[in-house]
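Remarks on the structure that follows.
The values are calculated or read from the model by the stated rules, or taken from the named source; none is laboratory data. Not measured: the values here are computed from a predicted model. Note that we place each Cβ from the backbone using ideal geometry, even for glycine, and neighbour counts take in every protein chain shown. To get the accessible areas, we keep the full protein, side chains included, count just its heavy atoms, and leave off ligands, DNA and RNA. Shrake-Rupley method; radii C 1.70, N 1.55, O 1.52, S 1.80 Å.
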Amino acid sequence: MGEREFWVGTYTGDAGEGAGVYRMRRRADGVLEEPRLAVEAASPSYLARHPGGNVLYAVRELADGAVSAYDVSGARPREIGRVPAGASPCHLSVAPGGGHLVVCDYGSGTVRAVPLAADGGFAGSPAVARGHGSGPVADRQEGPHAHAAAHAPDGTVLTADLGADLVRSFRIEDGALRLTGETPLPAGCGPRHLAVHPGGHVHVVTELAATVVVLRPRDGYADLEVVAESPATAEPAAGTALCAAIRFGEDGRFLYTSTRGADVVTAHRVRDGGAALEPVADVPSGGHWPRDLHVDGAWMHVANERGGTIATFRIGADGVPEPAGAPVRAPSPVCVVPA
């Protein structure tokens, strides 16, 4: 494995100790170097990269509720556009063909599809889909809270709504986001992030119930059914357990989740072609309050927001991550994206 560069999103101001978007390097031996500030920005907590490689997108989650686009082809990122995105945009994903940026807004519960030009710049007004519904957890589910999106093989946009206990299915057609289906999840579970297995099943990590729910497409991704529910940790978590991220390993044989409070990353063995999971091991996350994690082949990088560290792991043949050196100090890191 050679050297690799990464972008790091952080919380800033009253929400954290960061100052914007950082850049960091992983050496060939797996050791991370300390991140360096690339561009000042207001709480760029979640990042995404255009397939062309020259544009980076960043939410302004706790600032003005916008999303910025940066040209990163030069020595320093240069902001080339900004679009409104609701009250507290918290997640970004780029459609596989690079034609749209999908933005999930926790504050308003809306999902936006922002058209992109071939070079990655913003190319028009976003299509907006408004959420609805609520759940039984009064202080977290008083209304819709769109938290993340994933892209199915047939082009369907799948979103997790923490406030309404729903996975929603959309198609981007004629400049609009068309709702094609809604799948209820167990009441009060609070779906947060989701990922699509190479075999087609959808895996959803729930923040409030600390579980992973597995969905099977019945007639395309507009019609999903719950086929399994598994604990998000291998051992029962004591005290606070709020799940955050979910990622598949490179070949889809293992799934990884992060859980705040318990401060662990959990390896899950994927069974039955993606239809079931078996939690294998909990590994300390290398800090406090792990948020997003990035799996890069045999390596894993975990952003520990409140502990102010990014930890690197080497994934063993058994799928279990093993610490690769001491965690690196980083100011309020939330996500890690390859550069």
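Tabulated results
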| item | result |
| --- | --- |
| Meets criteria (surrounded by 18 or more Cβ atoms within 10 Å (Cβ to Cβ), in a loop (DSSP other than H, G, I, E, B) and at pLDDT 95 or above) for Gly109 | yes |
| Conditions (1) open to solvent by less than 30 Å² (accessible area, probe 1.4 Å); (2) on the phi > 0 side of the Ramachandran plot; number of the one not met by Gly124 | (1) |
| Where Val102 falls short, out of the listed (1) buried (at least 23 other Cβ atoms within 10 Å of the Cβ); (2) of a type in the set (Val, Ile, Thr); (3) more than 22 Å from Pro191 (Cα to Cα) | (3) |
| Given (1) surrounded by fewer than 18 Cβ atoms within 10 Å (Cβ to Cβ); (2) touching a Gly at 6+ places or on another chain (Cβ under 9 Å); (3) under 19 Å from Val204 (Cα atoms), number of the condition Val227 does not satisfy | (2) |
| Strands (runs of 3 or more DSSP E) enclosed by the stretch 233-339 - at least 2 residues per element that are closer than 25 Å to Ala150 by Cα and not charged (D, E, K, R) | 242-248, 254-260, 264-271, 276-284, 290-296, 299-304, 309-315, 333-338 |
| Subset of the stretch 153-185 that is closer than 19 Å to Gly97 by Cβ and within 15 Å of the chain's Cα centre (by Cα) - its residue that is surrounded by the most Cβ atoms within 10 Å (Cβ to Cβ) | Leu158 |
| Residue in the stretch 320-328 that is closer than 21 Å to Val212 by Cα and modelled with pLDDT of 95 or more present | yes |
